[in-house]
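Okay, structure first, notes after.
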Amino acid sequence: MAKLKILEYPDPRLRTRAKKVEKVDDNLRQLIDDMFETMYAAPGIGLAATQVNVHQRILVADVSDDQSQPVVLINPEITVLDENNRLGMYEGCLSLPGLRGWVERPASIKITAWNEKGEKIDFSLEGFPAVVIQHECDHLDGILYVDRIEDTTKFAFED
């Protein structure tokens with residue numbers, strides 16, 4: 001495995017819309033392994049391929065405390081289950097180190113994607129895990145969480 005370089009804002013490549021993955025093969029699985037290594041080392045809980053300058057629709061995430069629940073989503077599609085049920089929190093990002101901003105997102109979503117074996121998967125998420133996946137999917141569309149901040153007085157800086 002190899003640790004990858006994470007692009008940081010204002011790098012314009014972060015605004016690139018990722019292309020759909022056509023085939024899941026060993027090269028793609030190696031990229032996924034490298035993305036996990038990079039995410040865990042950062043340390044982070046989610047990483048989109050766009051953040052490592054690979055413009056394919058791939059993301060990895062793991063919101064567990066002990067790195068025991070890795071999730072791979074290839075060509076993810078999100079369906080909001082209840083637009084009126086929203087969750088607000090301070091989001092951070094490996095591509096914007098040291099900064100957090102208040103973002104409100106739908107609290108429950110359904111995801112359809114492929115896994116690392118090329119199998120179609122679909123499942124629902126609520127709360128914090130749903131927010132993480134939406135954040136990473138935004139990266140695949142060239143959107144950063146700061147684009148979603150409505151109240152610019154709600155920023156926090158990390159020490």
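For the options Asn53, Asn75, Asn85, a Gaussian network treatment of the chain with springs between C-alpha atoms closer than 10 Å singles out Asn85 as fluctuating the most.
Scalar couplings 3J(HN,Hα) for region 122-137, obtained by applying the Karplus form with A = 6.51, B = -1.76, C = 1.60 to θ = phi - 60°, are 8, 7, 10, 9, 10, x, 3, x, 5, 5, 4, 5, 4, 4, 5, 4 Hz; x denotes Gly and Pro.
When the solvent-accessible area of the chain is split by element, carbon and sulfur atoms take up 47 percent of it, the probe being 1.4 Å.
Run through region 95-159 and list the trypsin sites (Lys or Arg not before Pro) located in a DSSP loop whose Cβ has at most 16 other Cβ atoms within 10 Å. Of the trypsin sites (Lys or Arg not before Pro), the ones in loops of region 95-159 whose Cβ has at most 16 other Cβ atoms within 10 Å are Lys117, Lys154. Can you spot the lysines whose alpha carbon is less than 26 Å from Lys110's alpha carbon? Ignore those fewer than 8 places along the same chain. Hits, sequence-local ones excluded: Lys19, Lys20, Lys23, Lys120. Calculated mean residue ellipticity at 222 nm for the chain: -6000 deg cm²/dmol, from DSSP H runs with n ≥ 4 weighted as -39500 (n - 2.57), summed, divided by the residue count and rounded to 500. Beta bridges from DSSP with both residues in region 10-159: antiparallel share about 95 percent, rounded to the nearest 5. With a ≥ b ≥ c taken as the square roots of the eigenvalues of the C-alpha gyration tensor of region 35-159, please select rounded if a/c is under 1.5 and otherwise prolate if a/b is larger than b/c or oblate if it is not? Oblate.
Shown are Glu116, Glu22, Glu150, whose ranking by accessible area with a 1.4 Å probe and every protein chain present, most to least, is Glu150, Glu22, Glu116.
Subtracting the Cα-Cα distance from 0.36 nm times the residue separation, let me have the gained length for Thr153 to Phe123 in nm, one decimal. Walk me through the numbers before you get to the answer.
Details: separation 30, 0.36 × 30 = 10.80 nm, distance 3.51 nm.
Extra length from Thr153 to Phe123 when fully extended: 7.3 nm.
Ordered by solvent-accessible area of protein heavy atoms (1.4 Å probe), largest first, the residues Glu136, Glu158 come out as Glu158, Glu136.
The values are calculated or read from the model by the stated rules, or taken from the named source; none is laboratory data. Given the structure is predicted, the values throughout are model-derived calculations rather than measurements. Backbone-built Cβ (ideal geometry, glycine too); neighbour counts: all protein chains shown. Heads up: the accessible areas ignore ligands, DNA and RNA and are worked out on the full protein's heavy atoms, side chains in. Shrake-Rupley method; radii C 1.70, N 1.55, O 1.52, S 1.80 Å.
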